[in-house]
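Notes for the one structure printed next.
What follows draws every value from the coordinates through simple rules; no lab data is involved. Quick caveat: nothing in here was measured; it's all calculated off a predicted structure. Backbone-built Cβ (ideal geometry, glycine too); neighbour counts: all protein chains shown.
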Amino acid sequence: MELQGRIKKLELFGALVELADGREGLLHLSQLERSAPGRSGPPPKIGDAVTVWVSKVNAAGGAIFLTLDKPVEVEWRDLAEGQVWRGKVVRVEQFGVFLDIGAEKPGLIHVRELTADRVEHANEVVKEGAELEAKVIGVDRRRRRLDLSVRALEAEMIQAVATDELPAVTAMGMLLGAAMANAEAGARGGKRERRAKKGVDAAREDLLQRTLAKHRT
């Protein structure tokens, strides 16, 4: 159970948390000393607001034991390549971003799997706190490593839209083919070749924009 509270007192054994309903819960010292996946920064201090989860309830004494670690929603054994998950970006590094999908550890989206465009730093594409959908491209259960890709998912979506619009895409392909044929036929005529190349580029851009526009709607 997820609860909101505030650090009321620090003791040698941990911290007392005053919950929103007036009850008190205990955060064990180990919760204040270590860094858990998805949690960064210094340990909480007196007066800090915290989000906690109930880890155990002593029915006899009424004691409530709390944790700062969000319970695992996705087990490693349930993860497989090809799955699509939605999660929150919890860390951004130059080489990529870490996406929390509810598993024991966040998954890594390498910078080359964020977009087809070349970027120097992942923060050029996405910021911490953003929500993303990504496709599982690798699961290492022994090392507890999860590799994800936004690029692969977007490529599949564009392909699916193109398949749905097969007649339009086929017609566009014919236009492209004709423009390219004209370019080859006019190889000796510089102006004609340049006009044909512009036609090819314009047709490709039009196809891409129509495909993406339908995906967004």
Non-local residues with an amide H under 5 Å from the amide H of Gln83, with H modelled 1.01 Å from N and Pro and chain starts lacking one, are Val136
Expected sort for 5-12, 147-154 on mean C-beta neighbours within 10 Å, highest first, is 147-154, 5-12
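Highest first, please rank the peptides 77-84, 121-128 by the mean number of other Cβ atoms sitting within 10 Å of their residues. Numbers along the way, then the final one.
Numbers: 77-84: 11.1, 121-128: 15.5.
Highest to lowest by the protection proxy: 121-128, 77-84.
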Segment 76-150: Kirkwood hydrodynamic radius (Cα pairs, Å) comes out at 12.1 Å
